Amino acid sequence: MGSIIKTLKPKKSAGFDSVSNFIIKKLPPSYIECLTNYFNTWLNECRYPDDWKIAKIITLNKLKPGIPKCEQTRPISLLATHSKLFEKVLLRRIRHLAETNRLVPSEQSGFRPKCLLPIRVLSIYQEVKNNMAANIPTLALYVDYQKAYHRVWHAALLCKLEKMGMLLNLLKMTSSWLKDRIAYVEYGEITSKIFNTNIGLPQGSSLSPYLFIVLHSHLTNYLGAHSCHLFADDLCVLIKPPIMKNLGPMIDYLEKEGTRCKKWESILSVQCPKLLKLALICTGPIGDDYFHQASDNFQQECATIPFWVERNVTITDDEDYSTHDYRSDIIIRFNI
């Protein structure tokens, strides 16, 4: 308990009980020992105190000048400081369970120790840079869920935690922590009526963000081979074409075509420009029958590869083809 109290910032803002972090850090060791005994009792009973489920909400103006509208204010929820200590105890246990069993994907950098937003941004930058160096087109898709934090369904969260194998005592404690929460708004000297908050995670709680990323840990399971980067509910998906997958049939066909070109004493060249298109050019005295036969064989062997076939005939001497003094190119372009 002493190590948890040391991590508190010495703020003087207080919840409904008018007890701030600054006061908690000044408490004697005897009080901390008494508080620890109470925490152990509540953990054994799987019960969260009802008096700590009250949140005092104050509003801050997002705009510097002028009078803001409702959507231009930022609500701040202030909880009892004692409840924050108890939540940190629960957070340590839930985080140990989730990290040990790898319930949170490695792509998630939000609300985790030693995982910062700049690290995730650098990872995205490095991956895109590597793809550009290899001439691989990359599509970046950014997804942001509107008010996802405030719309968490409590029953779905508990069901998800149970399927992930959370211990029964922790699951009961989490259910007690979510149930029957209330709040009121304080604006200057005016106080609103108390209302229930039956949806969403409690604001101002250290436990809420981590439960949020555990709830959304399944997002990476639906992206297939595409790489993704997560920071809380902000999702970035990097999509690139599966180029290497289709090179096998291309190489087999090029080897067969190379053998055929040696027989015809033709010139075979493979070009790979920056636009990611391969061109197979076969030069020599090739007639119409061979051209159509080569096209049909290619369509059968590499039917799954996007391509098109071109032909370029240049007459150099005899127009009646009697002495074969002409050049005929079969150009097969692979669009990958």
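Here are the numbers for the structure shown:
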| quantity | calculated |
| --- | --- |
| Members of the range 164-191 that are in contact with a strand residue (DSSP E or B) (Cβ under 9 Å, 6 or more places away or on another chain) and more than 17 Å from Leu79 (Cβ to Cβ) | Tyr187 |
| Among the candidates Leu35, Leu8, residue that is crowded, with 16+ Cβ neighbours inside 10 Å and either under 36 Å from the mean Cα position of the chain (by Cα) or among the polar types (S, T, N, Q) (or both) | Leu8 |
| Among (1) closer than 30 Å to Leu117 by Cβ; (2) at pLDDT below 75; (3) basic (Lys, Arg) - the single one Arg181 does not satisfy | (2) |
| Test: residue in the range 216-231 that is at pLDDT 85 or above, within 22 Å of Arg92 (Cβ to Cβ) and surrounded by 13 or more Cβ atoms within 10 Å (Cβ to Cβ) | no |
| Qualifying residue in the range 101-118 (condition: assigned to a helix (DSSP H, G or I), surrounded by 15 or more Cβ atoms within 10 Å (Cβ to Cβ), on the phi < 0 side of the Ramachandran plot and touching a Lys or Arg at 6+ places or on another chain (Cβ under 7 Å)) | no |
| Residue list for the range 183-203, filter: among the hydroxyl-bearing types (Ser, Thr, Tyr), touching a Phe, Trp or Tyr at 6+ places or on another chain (Cβ under 8 Å) and not in a loop (DSSP other than H, G, I, E, B) | Tyr184, Thr191 |
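Residues checked against (1) assigned by TED's automatic domain parsing to the domain that holds Ala55; (2) more than 30 Å from Gly15 (Cβ to Cβ); (3) in contact (Cβ under 8 Å) with a residue 12 or more places away in the chain; (4) surrounded by 13 or more Cβ atoms within 10 Å (Cβ to Cβ):
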| residue | (1), (2), (3), (4) |
| --- | --- |
| Leu122 | yes, yes, no, no |
| Met132 | yes, yes, no, no |
| Val143 | yes, yes, yes, no |
| Met164 | yes, yes, yes, yes |
| Leu167 | yes, no, yes, no |
| Asp180 | yes, no, yes, no |
| Asn196 | yes, no, yes, no |
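The values are calculated or read from the model by the stated rules, or taken from the named source; none is laboratory data. Fair warning: this is a prediction, and the values are worked out from it, not measured in the lab. In this analysis, Cβ positions are derived from the backbone assuming ideal geometry, glycine residues included, and neighbour counts consider all displayed protein chains.
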